[in-house]
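Single-structure report; data block below.
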């Protein structure tokens, strides 16, 4: 009998990160298992045969998907052919629900067991997807404890493993080494700018973030700014906005957590990075901006009070959320100055971030998820 095959689909940068650690955890137990599917640089480095790069499929917003609809449909058709040709023993889907639930139907029709690792945000919007998940998915692995009862109520076999970021978010340099590595002054205060991991996010968020940096430096002259470039994005993507700025912003590649760790405040796109900042104990401002049609559709559908993951986990607003028109240089700098000028508030927010971290469970999530995947493979 040949080695087992797993089709893994991670359509986002965060999914690629978690998928690569899951792949490594599985192969540390059984190195003969072969992986193929959708992913980014992390999964490719970990040894997966990438059929479609996640960067070509990833979008933020609802109407934005139309710009990549052709690529999405081509990938779905190509994966359907790959399933029929390769006959994987297990399909692992990581978040990315609009794509992955369509693929799940294809795999389910062929009798291939499906493990969903990292739940879609059904608790925030489109909760009826739980019924579809219950019909298609063999096992659901969730990262937050509050997700378990939602799936149990729908009859889904669900398991909470904790959050894999607890093992991942670790600076590799001391702060002193990082200041030296990045050419930053250790005697100046540092603000981290994180405009996202997708091209549309960069286009919408980078200009107001850079303009707010100028406002902030006018108010607090000793501030310096660092921008850790998201994995998979070329530095040239930033060039149209970076070449004309009047304030120095140090762009860092490959040392995201070290750059975040240097910063006493993060101004970050809504997403996984907010949890990464929480694990590092950093106060932050969350920014989110999509097309106007996407915003109005989402506003009608979303059923939670917050969009930032740290606020959702905390069940209250511990990081200010600036959405749509509020994502402007004046509002961003006003919120930033409120934290930068009040050491007591900054410490209070940092403590709230550490409380969020404690709610994420214990380290070892990828290893626990790997054992779940291997148990499904044995049944296949």
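I want to make sure I understand the PRE zone here: with the label point 7 angstrom from the Cα of residue 44 toward its beta carbon, which residues in region 1-33 have backbone N atoms less than 15 Å away? Those under the cut-off are 10-13, 16-17, 20. For the chain, the longest principal axis of the Cα atoms and the long axis of helix 13-29 meet at an angle of about 50 degrees. Here the simple spin-label model places points 7 Å from the Cα toward Cβ, and for residue 157 and residue 69 these points are separated by 3.7 nm. The angle between the Cα long axis of helix 199-219 and the main principal axis of the chain comes to about 20°, on a 0 to 90 degree scale. For the pair residue 359 and residue 28, a Förster radius of 35 Å applied to the C-beta separation gives a FRET efficiency near 0.80, rounded to the nearest 0.05. Segment residue 76..residue 371, full-extension length gain: 103.4 nm, with 0.36 nm per residue of separation and the alpha-carbon distance subtracted. In this simple spin-label approximation, residue 51 and residue 98 carry label points 7 Å from Cα along the Cα→Cβ vector, and these lie 2.2 nm apart. Contact order for region 175-358, expressed relative to its length and based on alpha carbon pairs under 8 Å spaced 6+ residues apart, stands at 24 percent. For the chain, relative contact order (Cα pairs under 8 Å, six or more residues apart, normalised by length) works out to 18 percent.
Taking 7 Å steps out from each Cα toward its Cβ at residue 87 and residue 219 produces label points 6.4 nm apart. Protection proxy ranking, highest mean first, for peptides 47-54, 135-142, 282-289: 282-289, 135-142, 47-54, where packing is the per-residue count of other beta-carbon atoms within 10 Å, averaged.
Between 0 and 90 degrees, the angle of helix 329-340 with respect to the longest Cα principal axis of the chain falls at about 80 degrees.
Laboratory data are not the source of any read-out in this text; all were calculated from the coordinates shown. Worth saying up front: this structure is predicted, and the values here are computed from it rather than measured. Note: ideal-geometry Cβ built from the backbone for every residue, glycine included; neighbour counts use all protein chains shown.
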